Amino acid sequence: MPSIHVFVGLGAASDHRLAETAASVVDGLSGNAAFPAPPVSLVSLLAVRTAFMRAIADTSAGVPGAAAVKKEQRAALIEMLHQLSRYIEKECNNDTGVLLGSVFTGQTSSPVLAQPPIAATPVTHNGAGEP
């Protein structure tokens, strides 16, 4: 049976997308009976998100040292979301519906079968088979 793996892919996400994802995860896990004991406190996740958003604003405003704070908070936020994704992956018991209730998305570990090649058909403009 294929297993579901949570897809996170946050390393390349924009700062605002990362902050939006964190807020969505808090919404998806708050009061969700399928995930009763997350390894990261949702209050802590929100606090790091708030600090990250403040650092984004401070960086945009040119506050000295804000870029370093933003980088630190970004790394902390990504680490927390990775911890939560592994917890959700384990707790969803390969149930896609339960997984999606957490707002994370997943992919199965089943192999993708190669498709046979498609024969090329020449495109005709004059109906005579000439390109």
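The values are calculated or read from the model by the stated rules, or taken from the named source; none is laboratory data. Here the structure is a predicted model, which is why all the values come from computation and not from measurement. No Cβ is skipped: glycine too gets one built from the backbone with ideal geometry, and neighbour counts run over all protein chains shown.
Suppose we filter Val69, Val43 for residues that are at negative phi and surrounded by 15 or more Cβ atoms within 10 Å (Cβ to Cβ); which single one remains?
Working: Val43 fails: surrounded by 15 or more Cβ atoms within 10 Å (Cβ to Cβ).
Sole residue among the options that is at negative phi and surrounded by 15 or more Cβ atoms within 10 Å (Cβ to Cβ): Val69.
Answer yes or no as to whether Ala19 is part of a helix (DSSP H, G or I) and either surrounded by 19 or more Cβ atoms within 10 Å (Cβ to Cβ) or in contact (Cβ under 8 Å) with a residue 60 or more places away in the chain (or both).
So Ala19 passes the test.
Residues in the range 57-76 that are closer than 17 Å to Arg17 by Cα and touching a Ser or Thr at 6+ places or on another chain (Cβ under 6 Å): how many?
1
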Residue within the range 106-116 that is at pLDDT below 95 and either surrounded by 13 or more Cβ atoms within 10 Å (Cβ to Cβ) or assigned to a helix (DSSP H, G or I) (or both) present: yes
